[in-house]
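See below for the structure under consideration.
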Amino acid sequence: VQLQASGGGLVQAGGSLRLSCTASGRAFATNSVGWFRQAPGKEREFVGSSSWIGGYTYYADSVKGRFTISRDNAKNTVYLQMSSLKPDDTAIYYCATDSHVVPSKTVSGYYYWGQGTLVTVSS
């Protein structure tokens, strides 16, 4: 399984970005996906996760109401739509996938990871 994350970049505070995560070898429709981020000098933290087969979607409190996870089954791609971005959202964003029906909120809950995409939010 290979995951390819993309869509990061530089955006002003209050702006929006959409990250993409495309999988080869595993269908997002039948697996859970997680988004995590890691800021410089900090540990990787949970952003959101979803399992469409289980019907679960979770978000970290820090992004709830601003970030949305969606998918395109035909493209085997999952998206993280980020709005009202803040400088604190600056980090490398990673997507991950595994076969849980209930999507994990922890780093250890995922075996397959993408390479990460950098999001920088300027004030």
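Derivation of every value follows stated rules applied to the coordinates shown; laboratory data play no part. Here the structure is a predicted model, which is why all the values come from computation and not from measurement. Note: ideal-geometry Cβ built from the backbone for every residue, glycine included; neighbour counts use all protein chains shown.
Quick notes on this one:
- When the alpha carbon gyration tensor of the chain is reduced to an equivalent ellipsoid, its three semi-axes come out at 22, 14, 14 angstrom, largest first.
- Amide H to amide H distances under 5 Å link A60 with G48, where only residues 5 or more positions off or on other chains count and H is placed in the peptide plane.
- Amide H contacts of R71 (H built 1.01 Å from N, under 5 Å, at least 5 apart or other chain): Y79
- Antiparallel bridges, percent of DSSP beta bridges restricted to the stretch 3-120 (to nearest 5): 95
- Think of the chain as a dipole: +1 on every Lys or Arg Cβ, -1 on every Asp or Glu Cβ, centred on the Cα centre; then among G54, I92, G34, G54 lies furthest on the positive end.
- Calculated FRET efficiency for the pair E43/D72, C-beta based, R₀ 30 Å, to 0.05: 0.50
- Directionally averaged shadow of the stretch 1-50, computed from the convex hull of its alpha-carbon atoms, nm²: 4.5
- Efficiency of FRET from Cβ geometry, A27 and S62, R₀ 30 Å, rounded to 0.05: 0.55
- The phi-based Karplus calculation (6.51 cos²θ - 1.76 cosθ + 1.60; θ = phi - 60°) puts the 3J(HN,Hα) values of the stretch 84-89 at 6, 5, 10, x, 5, 7 Hz, whole numbers, x for Gly and Pro.
- Theoretical gain in end-to-end length, A13 to S99 [0.36 nm per residue, Cα-Cα removed]: 27.5 nm
- Placing a label point 7 Å from the Cα of S108 along the Cα-to-Cβ direction, the residues of the stretch 5-46 with a backbone N closer than 20 Å are 32-38, 42-46.
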